[in-house]
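The values are calculated or read from the model by the stated rules, or taken from the named source; none is laboratory data. Keep in mind it's a predicted model, so treat the numbers as computed, not measured. As a convention, Cβ positions derive from the backbone with ideal geometry for all residues, glycine included, and neighbour counts pool all protein chains shown.
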Amino acid sequence: MACANTSWSEEQPCVEPAEVPCDVCTGTQQKAVKSCLMCFTSYCQTHLEPHQRVARLQKHRLVEPMDRLEDLMCKKHDRLLELFCRTEQVCVCLLCTVTDHKSHPVVPLKEEYEVKTAQLGKIEAEVPQKIQERKQKIKEIKDTVELSNKDADREIAHGGQVFTALIGCVEKGRDEFNQTVQEKLKSTEKQAEDPIKELEQEIEDLTNRSSEVKRLSHTEDHLHFLQTFRSLKDPPPTRDWTTVEVRPPSYKGTLRRSLEQLEETLNMEMKKLPDDAELKRVQKYEVDVTLDPDTAHPQLILSEDGKQVHDGGVVKELPDNPKRYTKDMFVLTRQSFSSGRFYFEVQVKDKTVWWLGVARESIDRTGETKWTPETGYWTLLYYKDVFLFSDNPSVHLPLRAELQKVGVFVDYDEGLVSFYDVEARVHIYSATGCTFTEPLYPILYPSLLEKGTNSAPLIISPVNQTD
């Protein structure tokens with residue numbers, strides 16, 4: 001904007017878009033240099049002169065130029081908003097403190113400004129950290145997606161090979177079934193060939209005899225008739241066909257036997273599928289857990305690092321603790337999980353009895369109860385010649401030779417608890433369709449000493465994915 005007076009523009013530049021104009025100037029407005037909180041007017045350097053000269057005006061409060069000075073006034077009392085009500089978090093005038101905000105704590109605007117500025121500084125400092133945290137989370141999610149893509153590609157490739165092999169098995173089974181049916185049909189056709197030929201020959205002989213009889217019946221030569229008739233007395237030899245039959249083949253059970261054979265083949269192919277890849281996948285969700293002495297039965301002995309537990313043989317006197325097991329020889333970990341996936345491994349080597357898995361937070365720790373999913377337990381039990389998943393009824397599992405380490409994997413959101421034989425790298429059992437509504441804790445039960453046996457501890461072991 002061009003100034004009308006060159007001398008004014010040299011001393012006081014015209015108003016730029018972001019600047020406050022003088023409220024007194026007529027014609028071309030100049031830039032305000034001060035605003036008066038008593039007059040609620042902004043002044044350029046020329047019109048500010050009375051406030052610098054007149055004693056009464058010198059008492060007015062001058063501040064840096066401010067736009068919309070009317071916003072500084074209390075709409076109700078037409079007084080300056082110079083206080084802050086902390087109860088309602090609004091700016092108020094002096095009269096407000098004796099009316100609507102009489103019992104509210106109020107402070108000068110400057111004091112609240114300093115408080116809010118400090119808060120703003122804290123918020124300002126936190127924002128970059130929160131941004132960084134979210135960027136890191138985005139990276140984690142993208143890394144997970146990328147890893148999932150690689151896993152998916154690998155699984156699709158491997159699955160393609162397996163399904164191709166299985167399709168080959170199905171096609172082979174189909175071809176063998178068709179061949180079996182065709183062979184039965186050919187056998188029946190072969191069986192029918194000779195009787196048909198013989199029957200056709202007899203038909204031909206009988207047809208010829210019929211023709212001879214017909215011709216003879218029309219002759220009137222007595223001598224010829226009698227001489228010829230003698231040769232017709234004995235009919236051509238024929239077979240008694242009432243006892244001859246060709247039985248159709250029975251295909252009953254042929255398809256079933258083919259399908260059973262195919263099922264056996266598929267089962268064999270299933271057994272060839274490596275559990276190793278599955279175990280490696282779940283081992284990626286390893287968590288570091290330690291046993292919580294506040295939950296351990298008084299007869300249990302825990303290692304200093306919280307990784308081992310065994311029966312001490314003597315019930316110790318311990319302070320009462322609502323978290324402690326008092327009847328069953330269980331111990332929980334310090335850590336619990338309420339979402340996502342987690343995995344841990346427990347060494348069971350040289351144990352004759354043990355119990356392990358996960359349990360929900362609200363389990364009864366003071367009385368004896370059945371350890372089933374219904375009561376909040378998802379556990380495996382090993383007792384000499386018995387190996388089972390505790391349920392109602394229990395699921396008996398095949399005994400595993402030289403079982404040394406058990407892996408436990410939980411997908412909280414999917415409702416899945418799976419157990420693995422780590423050394424053999426095979427899947428043992430999975431409880432599916434579980435409903436989790438509260439935190440889950442890894443749980444161990446080393447059981448009692450038995451005449452010098454079962455003294456080995458249960459050990460929470462670090463995962464070694466190179467096994």
Among the helices (runs of 4 or more DSSP H) lying completely within segment 1-93, list those that include at least 2 residues that are surrounded by fewer than 16 Cβ atoms within 10 Å (Cβ to Cβ) and modelled with pLDDT of 85 or more.
49-53, 55-58
Tell me which residues, restricted to segment 400-418, are of a type in the set (Ser, Thr, Tyr) and under 12 Å from the mean Cα position of the chain (by Cα).
Tyr412
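Quick one: in segment 323-352, which of the residues that are among the β-branched types (Val, Ile, Thr) and in a loop (DSSP other than H, G, I, E, B) is farthest from Thr295 (Cα to Cα)?
Result: Thr352.
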I'd like the full set of residues that are within 24 Å of Lys280 (Cβ to Cβ), among the aliphatic types (A, V, I, L, M) and without any contact (Cβ under 8 Å) to a residue 40 or more places away in the chain, limited to segment 355-411.
Leu397, Ala401
Does Arg79 qualify as being within 30 Å of Gln30 (Cβ to Cβ), without any contact (Cβ under 8 Å) to a residue 24 or more places away in the chain and outside the structural domain of Lys31 (by TED's automatic domain parsing)?
yes
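Among the residues that make up segment 124-143, is at least one of them closer than 16 Å to Arg281 by Cα and surrounded by 11 or more Cβ atoms within 10 Å (Cβ to Cβ)?
Initial filter on segment 124-143 (closer than 16 Å to Arg281 by Cα): 143.
Among the residues that remain, those that are also surrounded by 11 or more Cβ atoms within 10 Å (Cβ to Cβ) are: none.
No, there is no match, as no residue in segment 124-143 is closer than 16 Å to Arg281 by Cα and surrounded by 11 or more Cβ atoms within 10 Å (Cβ to Cβ).
Considering only segment 412-419, I want to know if a residue exists there that is surrounded by fewer than 16 Cβ atoms within 10 Å (Cβ to Cβ), closer than 14 Å to Phe337 by Cα and not acidic (Asp, Glu).
yes
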Quick one: Lys186 ticks every box in (1) within 30 Å of Glu263 (Cα to Cα); (2) in contact with a Phe, Trp or Tyr (Cβ under 7 Å, 6 or more places away or on another chain) bar one, so which box is it?
(2)
Within segment 364-397, track down each residue that is surrounded by 14 or more Cβ atoms within 10 Å (Cβ to Cβ) and out of contact with any strand residue (DSSP E or B) (no Cβ under 8 Å at 6 or more places or on another chain).
Arg365, Thr369, Thr372, Thr375
Filter segment 82-125 down to residues that are touching a residue at least 12 places away in the same chain (Cβ under 8 Å) and hydrophobic (A, V, I, L, M, F, W, C), then give me how many there are.
12
Answer with yes or no whether Asp320 is without any contact (Cβ under 8 Å) to a residue 12 or more places away in the chain and of a type in the set (Asp, Glu).
yes
Hey, Gly407 of a type in the set (Gly, Ala, Ser), surrounded by 18 or more Cβ atoms within 10 Å (Cβ to Cβ) and over 20 Å from Glu438 (Cβ atoms) or not
yes
How do the pairs read when you match residues in segment 413-433 that are without any contact (Cβ under 8 Å) to a residue 40 or more places away in the chain and in the same structural domain as Glu286 (by TED's automatic domain parsing) with residues anywhere that are hydroxyl-bearing (Ser, Thr, Tyr) and assigned to a loop (DSSP other than H, G, I, E, B), using Cβ under 8 Å and keeping only pairs 6 or more apart or on different chains?
Gly415/Thr432; Gly415/Thr435; Leu416/Thr432
Flagged in segment 411-444 as out of contact with any His (no Cβ under 9 Å at 6 or more places or on another chain) and of a type in the set (Phe, Trp, Tyr), in numbering order, are Tyr412, Tyr429, Phe436, Tyr441
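Could you please find all residues in segment 396-410 being of a type outside the set (S, T, N, Q) and either closer than 23 Å to Leu448 by Cβ or modelled with pLDDT under 95 (or both)?
Passing the criteria: His396, Leu397, Pro398, Leu399, Arg400, Ala401, Glu402, Leu403, Lys405, Val406, Val408.
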